[in-house]
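What follows is a short report on a single structure.
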Amino acid sequence: MYIWAVLNTFIMVTLDWNNLPFGYVKTDFNVRSFYRDGKWSKPEVSDSEYINIHIAATGLHYGQEAFEGLKAYRGKDGKIRVFRWEENAKRLLSSAEGIKMAPVPMDLFKEAVFLAIKKNEKFVPPYGSGASLYVRPLLYGSGAEVGVKPAKEYTFLVFVTPVGPYFKGGVKPVNMLICRDVDRAAPLGTGTIKIGGNYAASLKAIVRAHDEGYGNVLFLDAKEKKYVDECGPANFFGIKNNVYVTPLSSSILPSITNKSLITLAESMGIKTERRPIPVEELAEFEEAGACGTAAVISPIAKIVDADAGKIYEFCKDGKPGPVSMQLYTRLVKIQYGEEADPFGWTTIIE
Ligand SMILES: Cc1ncc(COP(=O)(O)O)c(C=O)c1O
């Protein structure tokens, strides 16, 4: 058994790295830790893709569930780099606090994430394929309750899956649909944390946007429907007069990619503003994009506000704008270790 486990670590995986989907691909191991009697257990490695869950677990009934998404990249030098894991760990702490779950300490988060990557090292796609290893930490209430209250027991698990580049054959601008009859999150609700309920609430709008041929949906603020909130599973930004503008809102997820792009923009002499963006201001942007871990930047070609009878167009020549591309290229180079990382964003897995 032991010999097989050792051998298995060295067996090459023959996946079609250049044609991986952005979807689930089975890997060998995941890592689990359990919170009981006020303590987290030492992370353990499992080779099962399944969990055994109590029928009255609060994660199933009352939405006590939060997750994260980060990536590991095989660099030009062959080393594996994890991008800004501390930010994901902090965001998971804030999600746990937001829905009263046991917090996952930063060192446990790191240990579980790094262990999951190391145990599945052979699934980290080769440099040059444009693919990466997506890391999905998950925290849920696993203790049984029937009344509406937080569980006493929690499960923290981390699985990984190799994912292809979001855009195969180069970055392509996408179209977005403004959906005025679906709200993803309320102003004083849970939009700023990464819990499953927000995604359940967004599915109706996302499915409609996809069915109508759009790349995704652009949500407006839930209270007044006057300001841009965020795009499906990504933050919004616009560029005008060499200024990077992104929404300030109490119902959007604090994107780690957005935060990184803001730092990069400033380092490149581009001014940045985080403020409410009135919908009509969309007409003034020269470039617009959605940003997040999956694609880094998805440039937006067109935003359709069907109910208001308006269409906002960007990149009229069908190509992503120059500022978006500059930012995209710099961030991706740092992630793959092609360029120095002056901000200390990447951690090499030894
Ligand atoms: C709702 C939402 N907004 C924004 C983002 C982008 O966040 P990040 O850049 O941390 O991936 C995501 C993805 O995690 C998301 O699900």
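As a summary of the residue check, S129 satisfies the conditions (1) open to solvent by less than 20 Å² (accessible area, probe 1.4 Å); (2) part of a helix (DSSP H, G or I); (3) polar (S, T, N, Q) except for the one numbered (2).
Does D211 count as open to solvent by 60 Å² or more (accessible area, probe 1.4 Å), away from the ligand (no atom under 16 Å from the Cβ) and free of Cβ contacts under 8 Å to residues at least 12 places away in the same chain? It would help to see each step written out before you state the result.
Values: open to solvent by 60 Å² or more (accessible area, probe 1.4 Å): yes; away from the ligand (no atom under 16 Å from the Cβ): yes; free of Cβ contacts under 8 Å to residues at least 12 places away in the same chain: yes.
Yes; evaluated as a whole, the condition is true for this residue.
Residues of segment 132-153 that are part of a loop (DSSP other than H, G, I, E, B) and either in contact (Cβ under 8 Å) with a residue 60 or more places away in the chain or basic (K, R) (or both): S142, G143, E145, V146, V148, K149, P150, A151, K152, E153. Applying the criterion of at least 3 residues that are open to solvent by less than 50 Å² (accessible area, probe 1.4 Å), under 28 Å from N258 (Cα atoms) and touching a residue at least 40 places away in the same chain (Cβ under 8 Å) to the strands (runs of 3 or more DSSP E) found wholly in segment 26-108 leaves 65-67, 70-74, 80-83.
The rows are residues; the columns are (1) hydrophobic (A, V, I, L, M, F, W, C); (2) away from the ligand (no atom under 16 Å from the Cβ); (3) out of contact with any Cys (no Cβ under 7 Å at 6 or more places or on another chain); (4) more than 21 Å from S129 (Cα to Cα).
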position	(1), (2), (3), (4)
M268	yes, yes, yes, yes
A308	yes, yes, yes, yes
E339	no, yes, yes, no
P342	no, yes, yes, yes
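Which of the residues spanning segment 234-263 are surrounded by fewer than 20 Cβ atoms within 10 Å (Cβ to Cβ), farther than 20 Å from F67 by Cβ and touching a residue at least 60 places away in the same chain (Cβ under 8 Å)? Within segment 234-263, N242, S250, T263 meet the criteria. Please find, within segment 109-122, the residue that is farthest from G38 (Cα to Cα) out of those that are open to solvent by less than 10 Å² (accessible area, probe 1.4 Å) and either assigned to a helix (DSSP H, G or I) or within 16 Å of the ligand (Cβ to nearest atom) (or both). Among residues in segment 109-122 that are open to solvent by less than 10 Å² (accessible area, probe 1.4 Å) and either assigned to a helix (DSSP H, G or I) or within 16 Å of the ligand (Cβ to nearest atom) (or both), the one farthest from G38 (Cα to Cα) is I117. Total residues in segment 304-350 satisfying the condition of being surrounded by 14 or more Cβ atoms within 10 Å (Cβ to Cβ), small (G, A, S) and on the phi < 0 side of the Ramachandran plot: the figure is 2.
The values are calculated or read from the model by the stated rules, or taken from the named source; none is laboratory data. This is a predicted model, so every value here is computed, not measured. Note that we place each Cβ from the backbone using ideal geometry, even for glycine, and neighbour counts take in every protein chain shown. Only protein heavy atoms, including side chains, enter the accessible area calculation; ligands, DNA and RNA are left aside. Shrake-Rupley method; radii C 1.70, N 1.55, O 1.52, S 1.80 Å.
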